[in-house]
Amino acid sequence: MSEDNNEIKEKRVLVLPGELVGNKSMKIGNGAYYVGNDIYSYYMGIKSIKNNYVNVIPLKSKYFPNVGDIVIGTISEVANSNWMVDINSIYPAFLHVNDVPWKIGKKELTEFLKMGDLVLAEVSHVDETKHITISMTKMGKVEKKKIESGITITIPASKVPRVIGKSGSMISMIKEYLNCRIIVGNNGVIWIDGKNIDEISEAIHIIEIIDSQAQRNGLTDTIKNILNNWKEQKMVKKNE
Amino acid sequence: MSSDGAINVPKLINEDGKRIDGRGLEELRKIRMEVGILKRADGSSYVEWGENKIIAAVYGPREAKPKHMQNSLKAIVQCRYSMAPFSVDERKRPGSDRRSVEISKVLSEAFESVLILEQYPRATIDIYVEVLQANAGTRCAAIVAGSLALADAGVPMKDLITACAVGKIDGKIALDLRKEEDNFGMADLPFAFVPSTSQIALLQMDGHMTEEEFKYSIDLAKKGAMQVYEMQKEALKSKYKTDDIETENV
Amino acid sequence: MREEIIDSMVKEKIINFAKKGMRIDNRKLNEYRNIDLLTNIITNADGSAQISLGDTSLIAGIKMEPAVPFPDTPNAGILTTNVELTPMASPMFEGGPPSPEAVEIARVVDRGIRESKMVNTEKLAIVPGEKVWMVYIDIHVLDYDGNLFDASFLASVAALMTTKIPYKKFNMQFSGSDTLPIDHLPVESTYVKIGDFISVDPTLEEETIADARLTVGVDENGDIRAMQKGGRGSFKTEELYNILEINKNIHQSLREKVKQACGVQ
């Protein structure tokens with residue numbers, strides 16, 4: 001992801017599927033393929049050559065999880081000893097009764113999680129046939145749980161690093177100004193909770209701006225200005 | 001298609017070699033393309049080709065349902081070609097018909113030839129094409145629109161697919177027939193093509209041609225399709241070019 | 001039609017916003033989304049209009065042809081409405097015969113147009129008792145983010161207002177105008193009840209979690225011509241009257257939009 005600093009960035013080159021992006025002196029990374037001695041792109045995306053590997057980063061892509069990703073998902077199916085969870089990916093994720101923080105025993109699964117319930121979980125396994133398994137019992141920085149308050153919004157997963165910022169700088173700034181709790185799922189689903197609707201509404205607004213302007217330089221400053229203006233306006237309203 | 005022995009078949013080419021809309025034999029109709037025009041779909045496009053108005057949308061890759069449709073080794077491709085009731089001269093009853101079913105099938109197969117399916121086991125790539133206004137050559141326009149929508153959706157492909165139809169009017173081979181030419185002409189040949197591999201992804205023909213006429217038609221179709229290909233690339237690039245993204249001229 | 005899976009907290013979120021008179025997309029409760037309405041989009045059709053209502057977008061096309069009249073109305077033209085929920089508009093729509101949702105929308109649109117006597121069908125006879133004009137209203141949905149009722153209705157009305165009767169195509173003479181005989185200009189507005197709050201022009205999210213829905217069709221005099229309640233919940237009488245009150249301030253501006261799009265004063 002591009003860093004937010006004042007360097008002159010090298011121009012990003014947009015390529016299309018079937019476009020020539022390299023030759024046999026290079027190696028193929030992600031998003032590119034060989035035909036004979038030439039390398040072509042699979043995607044409409046940005047060409048990126050690193051260490052002689054030719055990559056094409058698609059402009060649009062669906063989220064596909066890595067093991068360890070934190071995801072926020074919605075229960076989409078209840079079966080006998082598992083749930084299926086929509087994690088905003090190509091495939092739903094599998095959540096087994098043994099991987100939740102409750103003892104199910106002989107009870108109905110719906111007593112614990114039913115259709116439409118939201119969970120915060122971790123991706124525990126992805127196999128070669130792309131079956132995805134999530135778990136709510138793994139230890140880690142984030143407590144996995146059923147989400148029972150607040151709201152969620154969804155952005156493309158590729159924009160998540162922008163919302164988090166360098167070493168979490170962007171998300172910390174937003175949380176501080178708006179006095180909200182925010183958890184950003186790697187799958188692009190973001191949970192926001194706070195005492196005040198105005199603050200939650202502004203948080204949604206800010207995240208939408210980051211989504212639409214992710215490519216631009218100086219984004220952190222732009223957001224900082226917006227937050228400052230919002231804070232001032234709030235002061236003015238308070239004093240009226 | 002023409003009926004042999006038809007009376008009152010209009011003259012399709014005049015003394016100056018011009019067709020009824022003023023085009024030369026090897027000239028395309030006016031084409032306009034736009035990408036990313038729908039909110040809900042993963043990718044979309046809108047193509048105006050002569051008086052054709054076609055919209056395409058892609059959903060996917062997404063899990064294939066019902067389960068029995070799934071292929072455990074790769075994604076399946078499902079293209080649905082459909083015409084709006086108001087798209088044609090005589091109102092078309094809503095719902096499927098045999099012509100749409102056949103076109104859907106040959107379009108699905110054409111797209112399959114360039115899509116990377118092994119990457120998405122148990123998934124489906126759904127391509128929906130709606131003809132809002134028809135004036136011959138809709139399946140070629142559908143290939144073009146579907147191809148743009150797939151690129152817009154970020155579905156990996158070996159290349160864009162491009163297409164163009166060729167026909168025979170007043171005994172001469174002509175590029176990109178319009179409705180009257182298709183109705184009263186002597187042959188119609190829709191053609192779709194993958195430029196980077198020179199593979200022919202869709203080919204149909206009905207009418208009457210000698211082998212020589214046929215070979216000439218294929219050559220002409222390729223030429224027409226390559227012009228369309230340039231427009232497709234331009235439509236994608238112009239949509240997504242910004243201040244800090246540039247494109248190379250290929 | 002498949003059900004959309006909306007997470008269980010969306011309703012609470014919307015109610016919390018509504019308590020402050022707000023909606024998630026920054027609208028007020030009685031505010032419509034942005035409407036873009038264009039007529040004469042499909043030249044093959046006898047009349048047409050394309051509408052975007054927020055992120056909902058569709059095309060209404062009118063096709064006319066001579067037909068045999070119904071025996072009980074031998075001198076009247078026939079109106080018929082159909083809605084296609086194309087699979088491209090939403091992952092919830094599947095191809096195939098019209099779902100109950102599609103049929104309901106078509107019939108509610110039809111009701112509003114028919115009961116308001118917008119089109120004077122008595123003037124659509126060609127040979128009284130034998131041949132009359134059949135008017136097909138076909139709605140083709142392209143993108144779905146809630147409120148297909150209003151989007152379909154506004155586009156259909158605009159399409160009818162700008163329709164040209166295809167006399168020439170059917171080798172018929174005519175004198176005077178070739179526009180449809182239009183006597184009234186109805187509009188329809190759709191409201192949803194979420195908790196204790198009433199909002200107009202629901203988004204998909206609002207529509208999905210709403211307790212109940214009410215579509216109201218009124219003519220230019222504010223008289224009620226059509227109504228449809230939907231959803232598994234119910235309205236109290238006061239809520240109903242409240243909606244009619246709110247609607248008084250809304251229907252004229254919708255009518256203005258339609259007139260503007262049709263180039264009518």
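The values are calculated or read from the model by the stated rules, or taken from the named source; none is laboratory data. Not measured: the values here are computed from a predicted model. All Cβ positions, glycine included, derive from the backbone under ideal geometry; neighbour counts span all protein chains shown.
Of the residues that make up the stretch C:33-48, is at least one more than 29 Å from B:Val88 (Cα to Cα), more than 9 Å from every other protein chain (Cβ to nearest Cβ) and either in contact (Cβ under 8 Å) with a residue 24 or more places away in the chain or among the acidic types (Asp, Glu) (or both)? Taking every residue of the stretch C:33-48 in turn, at least one turns out to be more than 29 Å from B:Val88 (Cα to Cα), more than 9 Å from every other protein chain (Cβ to nearest Cβ) and either in contact (Cβ under 8 Å) with a residue 24 or more places away in the chain or among the acidic types (Asp, Glu) (or both). A:Pro65 falls short on exactly one of the conditions (1) more than 30 Å from A:Lys11 (Cβ to Cβ); (2) buried (at least 19 other Cβ atoms within 10 Å of the Cβ); (3) at pLDDT below 95, and that condition is (3).
Among residues belonging to the stretch A:29-45 that are in a strand (DSSP E or B) and surrounded by 20 or more Cβ atoms within 10 Å (Cβ to Cβ), point out the one that is farthest from the other protein chains (Cβ to nearest Cβ). Filtering first and then ranking leaves A:Ile39. The condition of being surrounded by 18 or more Cβ atoms within 10 Å (Cβ to Cβ) and either away from every other protein chain (no Cβ under 14 Å) or assigned to a helix (DSSP H, G or I) (or both) holds for only one of A:Val119, A:Val123, that being A:Val123.
When C:Ile113 is tested against the conditions (1) touching a helix residue (DSSP H, G or I) at 6+ places or on another chain (Cβ under 9 Å); (2) at the interface with chain B (Cβ under 10 Å from one of its Cβ atoms), the lone failure is (2).
Is it the case, given these coordinates, that A:Ile104 is within 23 Å of C:Ser8 (Cβ to Cβ) and in contact (Cβ under 8 Å) with a residue 60 or more places away in the chain? Taking the combined requirement at face value, the residue does not satisfy it.
Looking at B:Tyr59, B:Tyr81, just one residue is over 19 Å from B:Thr138 (Cβ atoms), within 14 Å of chain C (Cβ to nearest Cβ), among the hydroxyl-bearing types (Ser, Thr, Tyr) and touching a residue at least 24 places away in the same chain (Cβ under 8 Å), and that residue is B:Tyr59. Note on the stretch B:193-241: among residues that are of a type in the set (Val, Ile, Thr) and either within 13 Å of chain A (Cβ to nearest Cβ) or part of a loop (DSSP other than H, G, I, E, B) (or both), the one that is nearest to B:Glu112 (Cα to Cα) is B:Val194. Of the strands (runs of 3 or more DSSP E) lying entirely inside the stretch B:1-91, those containing at least 1 residues that are farther than 21 Å from C:Ile42 by Cα and over 14 Å from the mean Cα position of the chain (by Cα) are B:43-49, B:52-63, B:76-83. Within the stretch A:78-93, the set of residues being at the interface with another protein chain (Cβ under 9 Å from one of its Cβ atoms) and free of Cβ contacts under 8 Å to residues at least 40 places away in the same chain comprises just one member, A:Asp86. Filtering A:Ser201, A:Ser212 for residues that are within 14 Å of chain C (Cβ to nearest Cβ), among the hydroxyl-bearing types (Ser, Thr, Tyr) and closer than 25 Å to A:Ile151 by Cα leaves a single hit, A:Ser201. Evaluate the stretch C:50-60: report whether one residue or more is more than 26 Å from C:Ile198 (Cβ to Cβ) and facing chain B (nearest Cβ under 8 Å). Checking the stretch C:50-60: at least one residue is more than 26 Å from C:Ile198 (Cβ to Cβ) and facing chain B (nearest Cβ under 8 Å).
Screening C:Met172, C:Met88, C:Met92, C:Met64 for residues that are assigned to a loop (DSSP other than H, G, I, E, B), within 13 Å of another protein chain (Cβ to nearest Cβ), of a type in the set (A, V, I, L, M, F, W, C) and over 20 Å from C:Lys257 (Cα atoms) leaves exactly one candidate, C:Met92.
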